[in-house]
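Each remark here refers to the structure printed beneath this line.
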Amino acid sequence: MQKKHLAALLLPLMASLSHAGEFHAPDTLVWQDRTYQLAYQNALPDGQRFYEYTTNGESVDAWSTLLTLHYGKNIQQDPMAWVVATKHALDRTTPRPHYQLSVDGPSGYARIIYEPTAKAPTCESDAHRSYHVGACDGLVIYQVAVKYAPAADASPKGRFERLDWIAGESAKLADALKKQAWAPRCD
């Protein structure tokens with residue numbers, strides 16, 4: 001999955017120390033009136049943790065919408081530094097995805113579209129929101145990923161029209177993530 005590679009690139013780029021509580025991932029997340037269950041979690045030796053949530057009995061290997069919480073222990077930086085680190089990581093990704101990055105108040109935001117490849121035959125749209133909460137003793141990133149079928153028309157025009165439509169859907173995802181009331185629980 002492309003999003004896991006990005007997370008592995010992003011979190012190590014953003015290190016500086018802080019001392020506070022620790023992030024506690026919930027067992028469920030509600031997204032667009034659906035309840036997602038924690039389906040997978042992984043803790044790495046460097047303090048990074050990944051929590052993946054699915055709905056409708058989907059697995060983390062076969063999903064249509066996947067929610068992921070990334071926690072980088074001891075990573076404290078401001079939203080602009082997160083956006084800059086994200087840009088550097090995305091620019092090194094092959095093939096390079098389409099993306100838009102921004103900062104609004106206390107959070108950084110990323111909209112990313114991955115085009116289909118031989119290994120990943122679907123389009124993937126990701127929306128990320130970074131949480132820079134001192135009480136968490138680290139950085140929390142909330143990610144929503146949605147898979148879309150590639151363009152039925154493989155011509156350049158058909159491909160462009162499909163990507164343009166996905167970009168519109170990606171903007172809606174990012175807007176919903178921005179308006180969401182969820183916040184990391186840390187103690």
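Restricted to segment 111-135, and to residues there that are of a type in the set (A, V, I, L, M, F, W, C) and within 23 Å of D61 (Cα to Cα), the residue that is nearest to the chain's Cα centre (by Cα) is A127. Residues in segment 132-172 that are surrounded by 21 or more Cβ atoms within 10 Å (Cβ to Cβ), modelled with pLDDT of 95 or more and closer than 17 Å to L101 by Cβ: I141, Y142, Q143, V144, A145, S170.
Number of residues in segment 84-99 that are closer than 17 Å to A171 by Cβ and free of Cβ contacts under 8 Å to residues at least 60 places away in the same chain equals 1.
Does L38 satisfy the criteria of being within 12 Å of I141 (Cα to Cα), among the aliphatic types (A, V, I, L, M) and either at pLDDT 95 or above or assigned to a helix (DSSP H, G or I) (or both)? Spelling it out, it is not the case that L38 is within 12 Å of I141 (Cα to Cα), among the aliphatic types (A, V, I, L, M) and either at pLDDT 95 or above or assigned to a helix (DSSP H, G or I) (or both). Going through (1) over 23 Å from A176 (Cα atoms); (2) of a type outside the set (F, W, Y); (3) touching a residue at least 60 places away in the same chain (Cβ under 8 Å) one by one, H70 falls short only on (1).
Taking the criterion of being basic (K, R) and out of contact with any strand residue (DSSP E or B) (no Cβ under 7 Å at 6 or more places or on another chain), the residues of segment 144-161 that qualify are K157, R159. May I ask you to list pairs of residues, at least six apart or on different chains, whose Cβ atoms are under 7 Å apart, with the first in segment 134-160 being free of Cβ contacts under 8 Å to residues at least 60 places away in the same chain and the second being in a strand (DSSP E or B)? Sorted first by the residue in segment 134-160, then by its partner, the pairs are Y148/C123; Y148/S125; P150/C123.
The values are calculated or read from the model by the stated rules, or taken from the named source; none is laboratory data. Note that the coordinates shown come from a computational prediction; the quantities given were computed from them, not determined experimentally. Heads up, the Cβs are rebuilt from the backbone with ideal geometry, glycines too, and the neighbour counts pull from every protein chain shown.
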